[in-house]
Every structure is written in structure tokens, then in C-alpha cells.
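Structure first, commentary second.
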Amino acid sequence: MALKTKGIIPRTWRLVKRIFIFLFFFQLFYILILKWMNPPITLTQLGSLFTGHGLKRDYVDMKNISPYAKLAVICSEDQLFPDHDGFDFKSIEKAMKHNQKSKSLHGASTISQQVAKNVFLWQGRSWFRKALEVYFTFMIELVWGKKRILEVYLNVSEMGDGIFGIQSAAMHVFGKPAKNLTRAEAAMIAACMPNPKQFTIKPMSKRVATRYPWILVQMANLQDDDEIQALIQ
């Protein structure tokens with residue numbers, strides 16, 4: 001019996017190592033191929049479908065997205081997006097200090113972090129998931145680059161109840177493709193994030209009504225920034 005047990009442990013360890021090696025190379029291949037191919041499905045999208053919120057999405061290329069939409073999400077979600085390497089450490093520090101003193105939790109995720117979470121991971125606040133988010137954020141910054149990260153963000157982010165991506169949001173709310181969004185319409189969609197199930201445009205929630213004018217001001221302030229212009233054109 002002891003001999004059998006001794007034989008099982010090495011075999012189990014070899015199997016576990018092979019599984020980890022396979023998963024490691026598989027995720028590297030998946031990261032690389034998503035530099036050009038859109039994610040077939042994400043865990044967040046599956047969760048929306050299976051919990052009864054539905055799944056509406058329609059991926060589009062950057063050339064078919066209004067520059068106003070690109071500018072609006074940068075101004076709303078991550079104004080330092082062109083400058084950082086995936087992490088805004090000052091915002092993270094501020095959020096941590098706030099969360100230590102308040103029951104209302106503040107996040108400090110960059111666009112890159114949100115893409116890493118939405119494409120490769122699941123929703124949640126565990127330290128294990130956060131560690132994986134750091135890894136995938138580093139990798140997409142290294143492999144994809146800013147423009148591709150922004151493109152994926154605009155295609156996979158939830159922008160309405162069960163509505164994923166700027167194209168689906170534009171068609172659902174305004175009845176027009178994403179490339180034809182006006183400055184104000186783009187700001188309204190950006191204002192729905194990060195809780196599009198509650199922050200709605202039609203009917204317009206208080207959050208959207210107060211936030212989208214602020215986003216418009218930020219768009220006017222940042223639209224001439226050279227690095228931002230390079231991303232949105």
C-alpha cells in the first residue's frame with residue numbers, strides 16, 4: 001500500500017506540472033492572437049447571459065468608432081492612459097486611503113486593467129484575481145500597445161444592461177452606428193460606466209445627467225493633447 005502511495009504522488013505532481021505548462025503557453029498564445037482577433041467570448045459576457053441580463057454585442061474596428069467615443073472614455077475613465085504603463089499608482093494610493101476610512105469603495109483601475117479583467121478574468125475582488133489582473137495588464141501593455149487596448153476596451157466593456165461594446169450601445173440608445181456618435185452622445189455613454197445597469201441614458205439617471213457635462217468639459221480640455229490625438233484618430 002505504501003509503495004502504491006509513493007507512486008501516485010510523483011505521477012500526480014507530473015500531471016499538475018504538465019497542466020500548468022500547458023496553461024502557461026496557452027495564455028501566451030491567446031494574448032498574442034488577441035492582438036489581431038477579437039475575444040470570442042468573455043466570462044463577464046457569459047455571466048450576463050446566464051443571469052438573465054442577455055448579451056448584445058457587435059465588435060467594430062477603430063476606424064468605425066467615433067473619435068468622440070474614444071476621447072470620452074479616456075476622459076471619463078483614465079485620463080493618464082497614454083502616459084502610464086498600465087497602472088496609475090497615485091490613484092491606487094488615493095483609493096486605498098479612501099477605502100480604509102469609508103464603507104463606500106473607490107476603484108482606481110486604468111483602462112488597461114479593466115481590459116485585462118474583462119477579457120481574461122472574472123468579476124470579483126479577491127487578491128488572487130487581482131494578482132492575475134496585474135499579470136495580464138503587464139502583458140497586454142507589452143504585447144498589444146495602447147491603441148489595441150483602447151479598441152478592445154471599446155468593444156468588450158458593458159455599456160448598458162447586457163449591452164457590450166460601443167457599437168451595440170450606440171445602436172441601442174441612439175439608433176446609429178458608433179462611428180456617427182456626436183460629442184454629447186459619446187459623453188453620455190461614457191457616463192454610464194462603471195455601473196451601466198444602474199446608470200442609464202434612457203431614462204436618464206441622475207448619475208449620467210450630472211456626469212456627462214463634466215466629461216464634455218474634460219474632452220474640451222484634453223482634445224488637443226498630442227498623445228491622445230494619436231490614439232483617437
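The values are calculated or read from the model by the stated rules, or taken from the named source; none is laboratory data. If you're wondering where the values come from, they're calculated on a predicted model, not measured in any experiment. No Cβ is skipped: glycine too gets one built from the backbone with ideal geometry, and neighbour counts run over all protein chains shown.
Structural remarks
- Unique match (being within 21 Å of residue 211 (Cα to Cα) and either at pLDDT 95 or above or part of a strand (DSSP E or B) (or both)) among 72, 95: 72
- Flag for residue 155 being among the polar types (S, T, N, Q) and under 22 Å from residue 199 (Cβ atoms): yes
Okay, residues lined up against (1) more than 18 Å from residue 111 (Cα to Cα); (2) of a type outside the set (A, V, I, L, M, F, W, C); (3) touching a residue at least 60 places away in the same chain (Cβ under 8 Å):
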| residue | (1), (2), (3) |
| --- | --- |
| 121 | no, no, yes |
| 126 | yes, yes, no |
| 129 | no, yes, no |
| 136 | no, no, yes |
| 144 | no, no, yes |
| 147 | no, yes, yes |
| 161 | yes, yes, yes |
| 200 | yes, yes, no |
| 210 | yes, yes, no |
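- Here residue 201 passes the criteria (1) touching a strand residue (DSSP E or B) at 6+ places or on another chain (Cβ under 6 Å); (2) farther than 18 Å from residue 78 by Cβ except the one numbered (1).
- Subset of segment 178-198 (residues that are surrounded by fewer than 20 Cβ atoms within 10 Å (Cβ to Cβ), at pLDDT 95 or above and outside any helix (DSSP H, G or I)): 182
- Candidates 131, 187, 169, 116, filtered to the one that is touching a strand residue (DSSP E or B) at 6+ places or on another chain (Cβ under 7 Å) and either more than 22 Å from residue 219 (Cβ to Cβ) or not acidic (Asp, Glu) (or both): 169
- Failed item in (1) more than 27 Å from residue 35 (Cβ to Cβ); (2) within 20 Å of the chain's Cα centre (by Cα), with residue 154 passing the rest: (1)
- Some residue of segment 40-58 being part of a loop (DSSP other than H, G, I, E, B) and at pLDDT 95 or above: no
- Options 130, 147: the member that is at pLDDT below 95, part of a helix (DSSP H, G or I) and charged (D, E, K, R): 130
- Matching residues, segment 27-66, being under 16 Å from the mean Cα position of the chain (by Cα), aliphatic (A, V, I, L, M) and surrounded by 14 or more Cβ atoms within 10 Å (Cβ to Cβ): 31, 34, 43, 60, 62
- Filtered residues of segment 168-177 (kept if surrounded by fewer than 24 Cβ atoms within 10 Å (Cβ to Cβ), within 22 Å of the chain's Cα centre (by Cα) and assigned to a helix (DSSP H, G or I)): 168, 171, 172, 173
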